[in-house]
Amino acid sequence: MKTQRVASAPVKLMPLVAITLANYAAQVPYYLHNDYSPHHVLPGVRAVALMAATLAWFALGLAGFMRHRRWGLPVLASFLAAEAVFYAGTFATGIFILQLENHSYLLRTVFVIGYISGAAAAYYLFRLLRERAPRGLRVRVDVGD
């Protein structure tokens, strides 16, 4: 039995950026469909502040990671973990079933985009942490010659 190091391909972040930004963009039609009315034209300040803060969290972590800053990976990984846990919670509690049974195609689409974003966050969290693991921990075992 031989062991050898696995040469892993660099993590391509563009799909993560695209789906994360799509998830944020999907919140606009979600708001317009669910909450907008002539008496409620703008979303609440708290909601906007929370969305802006989480987007800034993602952008800061991504920028730090791309620039090889020491703090970049932990900030990006913490965002990805929070997003993955948030969406995993909807699966664990069964809320996703109610969301996907919604009669509105628009809302179902927004929910699916969110779940794809959550799954992408979990995948990228795994990949990024695996890439940063000490080289000796990533070993593939080949059976046979």
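For the stretch 125-137, the count of residues that are loosely packed, with under 15 Cβ neighbours inside 10 Å and modelled with pLDDT of 95 or more is at least one. Within the stretch 54-73, the residues that satisfy the criterion of being surrounded by 14 or more Cβ atoms within 10 Å (Cβ to Cβ) and part of a helix (DSSP H, G or I) are Thr54, Leu55, Trp57, Phe58, Ala59, Leu60, Gly61, Leu62, Gly64, Phe65, Gly72, Leu73. When the stretch 74-123 is limited to residues that are free of Cβ contacts under 8 Å to residues at least 60 places away in the same chain and not in a helix (DSSP H, G or I), the one that is farthest from the chain's Cα centre (by Cα) turns out to be His103. Within the stretch 87-123, the set of residues being closer than 21 Å to Ala25 by Cβ, modelled with pLDDT under 95 and not aliphatic (A, V, I, L, M) comprises Tyr87, Thr90, Phe96, Gln99, Asn102, Ser104, Tyr105, Arg108, Thr109, Phe111, Gly114, Tyr115. Against the test of being in contact with a helix residue (DSSP H, G or I) (Cβ under 9 Å, 6 or more places away or on another chain) and either charged (D, E, K, R) or modelled with pLDDT of 95 or more (or both), the options Ala84, Ala47 yield a single qualifying residue, Ala84.
The values are calculated or read from the model by the stated rules, or taken from the named source; none is laboratory data. Bear in mind that the values here come from a model prediction, so they are computed numbers and not experimental data. Neighbour counts are summed over all protein chains in view; Cβ atoms, including those assigned to glycine, are modelled from backbone coordinates with ideal geometry.
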